[in-house]
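Down below is the structure, laid out as structure tokens.
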Amino acid sequence: MITKSISNPNLFKVLDEDFNEVYYGCSQEWYNTLWQRRSGCGPTVTSNIMLYINYPTNNFEVGQTLYKKKNCISFMEEVWEYVTPTKEGIPTTKMFYEKVISYTKSKGIDVEFSFCDLPEDKSNRPKLSEILNFLEGALLKDVPIAFLNLCNGDEKHLEEWHWVTIISLEYTEDGQNIFVNILDEGLIKKIDLILWYNTTTKGGGFVYFTASPSIGDEVET
């Protein structure tokens, strides 16, 4: 297997001090209201991405410093004010990156975005190799990827109409096997990308953001 990954997945570790538990990434279940918990996957993924690309890596010691859950929740609430779901959630990559950019602009963060859509019409979908190249390109830039799944098809480890965060990619040289590792519900899950690609009926898409080295306000650890 060929593996491509963000350089430091441990930056996603979050400590729940009340229960002494460690999570990977934020969870929409941490939001305060029922509506936020039901519809908050988009702002949760945004929070994950911003936590990673904003992290002051020169002050971070792997395995010793973790984000604290209470601070992540405060940050998630801040992001929610800009990356706010509609009644249908955030069902397109365009709506997602426009909302994320509204947040980054409010914080004075210089961000560029790239996206790759998988339309519902199968005849208009990019080849799987194009998606693989897109994901690999993002990970080589050391940025996580927002993944929109509108229909999970036969991939049971995905929820439909849902955003998750891709942090790594595994594939065979012949392209017959492609897996992505995602953050969802505070866990790392492994997804069969080919299975999803071949069986999703509504499609989805992918977005990543790149930013300058010194950006925005830091989140407390």
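Read-outs throughout are calculated quantities, based only on the coordinates presented, and are distinct from any laboratory measurement. Keep in mind that what you see is a predicted model, and the values were worked out from it rather than measured. Every residue, glycine as well, gets a Cβ built from its backbone with ideal geometry; the counts of neighbours run over all protein chains shown.
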For Asp117, Asp142, ascending order of other Cβ atoms within 10 Å (fewest first) is Asp142, Asp117
Using a Gaussian network for the chain with springs between C-alpha atoms less than 10 Å apart, which of these wobbles most: Ile166, Ile145, Ile101? Ile101
May I ask which residue of Met50, Ala146, Met95 lies farthest towards the positive end of the charge dipole of the chain, with charges of +1 (Lys, Arg) and -1 (Asp, Glu) on Cβ and the Cα centre as origin? Met95
Where does the longest stretch of the chain lie that holds no GluC sites (Glu not before Pro) found in a DSSP loop with 12 or fewer other Cβ atoms within 10 Å? 89-172
[x] -1.12, -1.38; [y] -0.92, -1.19; [z] -0.96, -1.40: which one is log10 I(q)/I(0) by the Debye sum over Cα atoms at q = 0.15, 0.18 Å⁻¹ as calculated from this entry? [z]
Comparing Ala138, Ala146, Ala211 in a Gaussian network model of the chain (Cα, 10 Å), the one with the largest mean-square fluctuation is Ala211
Working from Cα positions, state the angle (0 to 90°, nearest 10) between the long axis of helix 128-140 and the longest principal axis of the chain. 20
Springs between alpha-carbon pairs under 10 angstrom, Gaussian network model over the chain: which of Gly108, Gly42, Gly203 fluctuates most? Gly108
